[in-house]
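A.B. asks: The following block contains the structure, expressed as structure tokens.
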Amino acid sequence: MSIVSALHAARLPVDASAHGPALDRQLLLSLWIVLALFTLAHVILLGGLAARRHHPQKSVWQIEYLPLVALAALFAVLTIRAERLWAATRYTGASLTALQVEVTGVQFAWYFRYPGVDGTFGRVRPELVAPGEGNPLGLDPADSHSADDVVSSQLMLPVGREVDLAIRSQDVIHGFSVPEMRLKQNAVPGETIHIHFTPTKTGTYAILCTQVCGLGHYRMNANLRVVTPEEFDSWLAAREKAVQR
Amino acid sequence: MTLTSLRRRVFSTDHHVIGVEYLLLALTAVVIGTTLSLLMRIHLVWPDWQLPLHGPILPEDYLAMVTIHGTVMLFFVLTTAPQAGFGNLILPAQIGSRRMAFPVLNAMSFWLTAVALVVLLSSTFVPGGSPISGWTAYPPLSAVASAGPGQAMGMDLWLASIALFGIAATISSINTLVTIIKLRCDGMTWERMPLTVWGWFTAALLSVIAFSVLLAAILLLFCDRHAGTSFFLPAGDLVNGTLHVAHKGANGSPLLWLHLFWFFGHPEVYIAILPGFGVTSMLLANFSFRRVFGYRIMIATTLLIGLLGILLWGHHMFVAGLNPFAASAFSVTTMAIAVPASAKVLSWIATTWRSRPSYKTAMLFSLGFVSLFIAGGLTGPILAQPILDEYLHNTFFVVAHFHLIMAMAAVFGLYAATYYWFPLMTGRMMSERLGRWHFWLTLVGAYATFLPMHLTGLAGEPRHYAQLAGIPNAAGVMLARLVPLNRFITYSALFLATAQLVFLWNVVRSLRRGAVATENPWMATTLEWHPALHPRHSAAMGEPIAVHRQPCQYAATPSGETFLPQWVPDTLADTTTEAAFDTKPE
Ligand SMILES: [Cu+2]
Ligand SMILES: [Cu+2]
């Protein structure tokens with residue numbers, strides 16, 4: 001493969017979430033600004049070296065303070081724009097109608113739990129964890145809310161609906177990352193961290209682990225399948241029925 | 001070798017000997033660290049390649065290499081060579097002193113550092129091998145022996161090694177601080193101190209603050225591992241089928257480690273780069289025959305970078321589970337450091353601007369430092385934005401960012417220092433012809449290796465992945481696309497490493513056959529070139545040393561360029577001199 005096609009393969013992945021386009025715009029704006037500053041700095045540096053005539057140094061104001069003020073203003077604008085986007089996605093939680101899904105990182109797999117027909121996640125207890133017996137999360141049978149919980153090894157979501165993810169880890173720190181949804185959040189043992197987003201395009205996307213979590217780190221991944229609401233409803237109904245029996 | 005000569009030559013308390021020993025230690029470490037990085041690059045694109053005498057590289061081998069590469073490079077190369085190595089060799093003379101404040105402590109900190117390196121490397125040979133949790137050692141992975149291979153005795157050795165290193169670095173930094181504060185010669189005011197000394201001074205301040213916090217963190221982690229405490233372990237943590245809370249009701253958090261570690265870890269990168277800032281400033285001025293542009297501003301920005309450097313550790317934790325408001329605050333402090341950093345770049349550009357400099361190899365590497373620092377530094381403001389970090393965190397974009405600054409700019413600073421001070425230390429010049437080859441090959445190799453990593457990062461390639469091909473699911477499709485560009489990066493890395501043989505050859509050759517150096521071959525103005533402080537002659541040993549002006553004063557005379565070293569008495573007042581001795585002639 002030529003270097004051109006190698007470069008072509010390395011580009012931003014598809015953007016398939018509601019908050020993604022604004023993030024991409026900010027990313028591309030920042031990248032262009034950085035590229036321009038890199039070029040400008042080198043043109044001035046090399047230009048000054050190439051200029052033949054010797055020249056006395058100018059005043060501090062002209063070449064130090066004025067450019068610094070300009071750069072500081074530029075960085076401030078970038079910061080404020082970025083803060084607004086960050087605040088929009090992270091300062092508040094998901095809406096009350098958002099779909100609830102729990103994500104659990106375990107060396108070296110992701111598990112996704114839906115609360116089932118009662119709409120409530122049941123209790124999990126670490127001492128009940130038994131992956132070999134089909135209970136990788138340690139659902140407590142003594143808790144009536146657990147009985148109808150659906151546990152899946154792929155994340156199935158309906159397109160266009162906000163989802164509230166409750167991210168946790170059973171053992172070590174993992175990094176929950178979905179590049180195509182412009183999403184990343186560490187899963188920290190002992191904490192439940194909520195993030196929310198809305199997928200906008202149907203398709204199958206990669207869920208990675210981005211925090212070194214042990215020897216299986218590189219193959220700790222899962223699929224995110226974004227489907228139509230109808231497909232999602234029938235998938236969930238089938239899974240719920242299977243659990244009830 | 002008799003016992004006395006062994007003691008004098010090896011267990012010496014002479015700061016020159018200790019400085020050289022530190023540099024040799026760093027050279028050993030950089031060879032190890034580079035070899036590991038090449039093995040990692042090769043494995044990433046040819047996963048079936050078998051390592052001679054070892055066999056296939058398993059995922060745990062890969063992570064062990066990542067861990068040792070990061071640890072060795074950060075501590076034993078980038079902290080050791082610029083700060084302890086060149087600091088010992090050059091710092092005392094630059095302030096007009098013939099010694100460091102505490103010679104015995106100085107020797108002790110070197111030997112502790114050497115022991116720390118041996119302890120670290122010995123982790124390769126214990127059951128389970130070296131730890132696999134990276135140089136950041138996040139718990140619970142690092143707190144629980146069963147969390148992976150290498151996390152038992154290997155991890156203990158890692159902790160012991162870093163603790164020893166931290167103690168050594170703290171002692172050495174206190175020595176540096178006391179030397180600068182107490183042993184300056186007559187006339188060496190704070191404003192006349194060379195910017196290299198300011199770099200070493202600020203880095204030493206940061207070391208004392210940062211390493212003490214790291215030592216505390218290591219102690220706590222050690223207690224979690226062996227004393228049944230739960231500083232970093234939450235209740236009900238289940239690793240490998242075993243519940244890991246020894247003390248009832250104990251409920252710690254791994255986030256505490258992240259705070260303590262990065263409170264150390266971020267200043268650590270400034271410890272590595274601050275001496276490089278100083279060297280670059282002084283060399284650019286020296287070879288441009290000019291004053292440093294905005295000398296007081298340069299001192300202020302050095303201190304400001306040090307101060308801000310300890311206020312922004314949280315930018316490593318934007319997606320770690322901090323309160324999002326905290327991310328906003330750390331984003332602002334991180335952006336703020338871009339301003340003094342930009343001020344430095346502006347000063348470097350202004351110092352060389354239309355100066356018709358002399359392009360010696362040391363000057364080329366200083367200019368390379370500026371270029372690579374701009375390239376690596378500019379992506380800082382991108383990563384300082386939490387919303388963009390949400391996409392870029394732990395991708396190769398970050399790897400590209402800090403390798404351009406740490407691996408490349410910092411190393412260019414070390415090369416500049418080596419070419420510049422080689423004649424002072426050895427009495428011989430290094431070959432300029434080989435030097436120029438070394439510089440251009442290294443510059444091309446550096447950009448070819450690290451620029452494309454921005455692209456694979458933007459495309460979503462995560463760090464610490466042992467393999468890109470043969471991974472199942474949608475992730476496999478995404479990562480497999482990136483193999484061709486990674487192959488290019490691996491070729492570039494091999495090229496870059498090979499080019500360093502030119503440097504090694506230059507050193508070896510010049511030691512024996514280099515042209516004999518004159519007393520002050522670069523027309524330097526700082527005190528290490530003072531005849532009475534010269535490390536190799538002792539003829540003028542008793543002569544009193546006094547300083548009369550700031551460094552880097554060059555002037556035009558009818559007979560051509562001339563320069564006013566700091567030690568030459570002059571009838572003009574300091575301020576008049578500065579105005580008169582501004583530039584070299586048309
Ligand atoms: Cu993981
Ligand atoms: Cu992982």
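The values are calculated or read from the model by the stated rules, or taken from the named source; none is laboratory data. Only a predicted model underlies this, so the values are computations on that prediction, with no experimental measurement involved. Every residue, glycine as well, gets a Cβ built from its backbone with ideal geometry; the counts of neighbours run over all protein chains shown. Accessible surface is based on the protein model in full, side chains and every heavy atom, while ligands, DNA and RNA are left aside. Shrake-Rupley method; radii C 1.70, N 1.55, O 1.52, S 1.80 Å.
A.B. asks: Tell me, what is the 1.4 Å probe accessible area of B:ARG225, in Å² to the nearest 10?
C.D. replies: Accessible area, nearest 10 Å²: 40 Å².
A.B. asks: Quantify how strongly other chains surround peptide A:165-177 by giving the mean number of their Cβ atoms within 10 Å of each of its Cβ atoms.
C.D. replies: Numbers: counts 0, 0, 1, 0, 5, 4, 12, 15, 11, 1, 7, 1, 9.
For peptide A:165-177, the averaged partner shielding equals 5.
A.B. asks: In whole angstrom, note down how far apart the Cα centers of the stretch A:1-28 and the stretch B:173-246 are.
C.D. replies: 40 Å
A.B. asks: Same structure again: For B:TRP111, what accessible surface area do you get with a 1.4 Å probe? Give it in Å², rounded to 10.
C.D. replies: Spelled out: B:TRP111, probe radius 1.4 Å, area about 90 Å².
A.B. asks: Moving on. Probe radius 1.4 Å, ligands and nucleic acids ignored: give me the carbon and sulfur share of the accessible area of the stretch B:247-309 as a rounded percent. Can you show the working numbers first?
C.D. replies: Working: 1140 of 1660 Å².
Accessible surface attributable to carbon and sulfur in the stretch B:247-309 totals 69 percent.
A.B. asks: Under unit Cβ charges (Lys, Arg +1; Asp, Glu -1), what dipole magnitude, rounded to 20 debye, does the stretch B:2-86 have relative to its Cα centre? Don't skip to the end; give the middle numbers.
C.D. replies: Details: 4 positive and 5 negative charges, 80 e Å.
Value, rounded to 20: 380 debye.
A.B. asks: Write down the radius of gyration of chain B and its Dmax, each obtained from C-alpha positions, in Å.
C.D. replies: In order Rg, Dmax, the Cα atoms of chain B give 24.4, 84 Å.
A.B. asks: If you place +1 on the Cβ of every Lys and Arg and -1 on the Cβ of every Asp and Glu, how big does the dipole about the Cα centre of the protein assembly as shown come out, in debye to the nearest 20?
C.D. replies: On the way: 51 positive and 45 negative charges, 522 e Å.
The dipole of the protein assembly as shown has a size of about 2500 debye.
A.B. asks: In the stretch A:90-245, what percentage of the DSSP-assigned beta bridges are antiparallel, given to the nearest 5? If you can, show how the numbers build up before the last one.
C.D. replies: Details: 27 of 39 bridges.
Of those bridges, close to 70 percent are antiparallel.
A.B. asks: Let me ask something additional. Give the dimensionless ratio obtained when the Cα radius of gyration of the protein assembly as shown is divided by 2.2 N^0.38 Å.
C.D. replies: Here the Cα radius of gyration is 1.00 times the empirical estimate.
A.B. asks: At 1.4 Å probe size, with no ligands or nucleic acids counted, give the accessible surface of A:LEU66 in Å², nearest ten.
C.D. replies: Estimated to the nearest 10 Å², A:LEU66 gives 100 Å².
A.B. asks: Averaged over B:341-347, how many beta carbons belonging to a partner chain fall within 10 Å of each residue's beta carbon?
C.D. replies: Numbers: counts 1, 10, 6, 0, 6, 10, 3.
Taking all residues of B:341-347 together, the mean is 5.
A.B. asks: Select from B:VAL10, B:PRO565, A:ALA16 the residue farthest towards the positive end of the dipole of the protein assembly as shown; place +1 on Cβ of Lys and Arg, -1 on Cβ of Asp and Glu, and compute about the Cα centre.
C.D. replies: It is B:PRO565.
A.B. asks: Hey, another quick one. Using unit Cβ charges (K, R positive; D, E negative) and no other charged atoms, how large, in debye to the nearest 20, is the dipole of the stretch A:22-108 about its Cα centre?
C.D. replies: Numbers: 7 positive and 4 negative charges, 90 e Å.
Using only the charged Cβ atoms, the result is roughly 440 debye.
A.B. asks: First compute the accessible area of the stretch A:1-102 with a 1.4 Å probe, then give the percent of it belonging to carbon and sulfur atoms. Each step should come with its number before you reach the end.
C.D. replies: Values: 4160 of 5710 Å².
That share works out to 73 percent.
A.B. asks: Hey, another quick one. So, with a 1.4 angstrom probe, what is the percent of accessible area on the stretch B:1-42 that is carbon and sulfur?
C.D. replies: Values: 1630 of 2280 Å².
Here carbon and sulfur together make up 71 percent of the probe-accessible area.
A.B. asks: Another question, then. For A:THR120, B:THR418, write out the residues from largest to smallest accessible area, computed with a 1.4 angstrom probe and no ligands counted. Kindly include the intermediate steps, with their values, before the conclusion.
C.D. replies: Numbers: A:THR120 55, B:THR418 35 Å².
In descending accessible area the options line up as A:THR120, B:THR418.
A.B. asks: Something else about it: Farthest toward the dipole's positive end in the protein assembly as shown, which of B:LEU258, B:PRO531, B:PHE75, given Cβ charges of +1 (Lys, Arg) and -1 (Asp, Glu) about the Cα centre?
C.D. replies: So the residue furthest toward the plus end is B:PRO531.
A.B. asks: Please sort B:14-25, B:490-501 by packing, taking for each peptide the average over its residues of neighbouring beta carbons within 10 angstrom, highest first. Working shown, then result.
C.D. replies: Working: B:14-25: 20.7, B:490-501: 17.3.
Packing proxy ranking, top to bottom: B:14-25, B:490-501.
A.B. asks: Right, next: Can you tell me the accessible area per residue over the protein assembly as shown, all protein chains present, probe 1.4 angstrom, in square angstrom?
C.D. replies: Working: 30660 Å² over 831 residues.
Here the residues of the protein assembly as shown average 37 Å² of exposed surface.
A.B. asks: Now for a different question. Specify which residue in the list B:PRO484, B:PRO472, B:ILE337 is farthest towards the positive end of the charge dipole of chain B, using unit charges on the beta carbon of Lys, Arg (+1) and Asp, Glu (-1), about the Cα centre.
C.D. replies: Most positive-ward Cα: B:PRO484.
A.B. asks: To the nearest 10 degrees, how steeply does helix B:153-182 sit against the main Cα axis of chain B, on a 0 to 90 scale?
C.D. replies: 20 degrees
A.B. asks: Which order do B:TRP567, B:TRP348 take when ranked by solvent-accessible area (1.4 Å probe, heavy atoms of all protein chains), largest first?
C.D. replies: Largest accessible area first, the residues go B:TRP567, B:TRP348.
A.B. asks: Using a probe radius of 1.4 Å on protein heavy atoms only, what is the accessible area buried between chains A and B, both sides summed, to the nearest 100 Å²?
C.D. replies: Working: alone 15070 and 23870 Å², together 30660 Å².
It comes to approximately 8300 Å² buried between A and B.
A.B. asks: Moving on to the next point. Restricting to lysines 8 or more places apart or on different chains, can you count the pairs in the protein assembly as shown with Cα atoms under 20 Å from each other?
C.D. replies: Qualifying lysine pairs in the protein assembly as shown: 4.
A.B. asks: How well do other chains shield peptide B:316-322, expressed as the mean number of their Cβ atoms within 10 Å of each residue Cβ?
C.D. replies: Values: counts 0, 1, 5, 12, 7, 10, 2.
Partner-chain Cβ atoms within 10 Å, mean over residues of B:316-322: 5.
A.B. asks: Further question on the same structure: DSSP beta bridges in the protein assembly as shown, what fraction antiparallel, as a percent rounded to 5?
C.D. replies: Details: 39 of 52 bridges.
Just about 75 percent of them are antiparallel.
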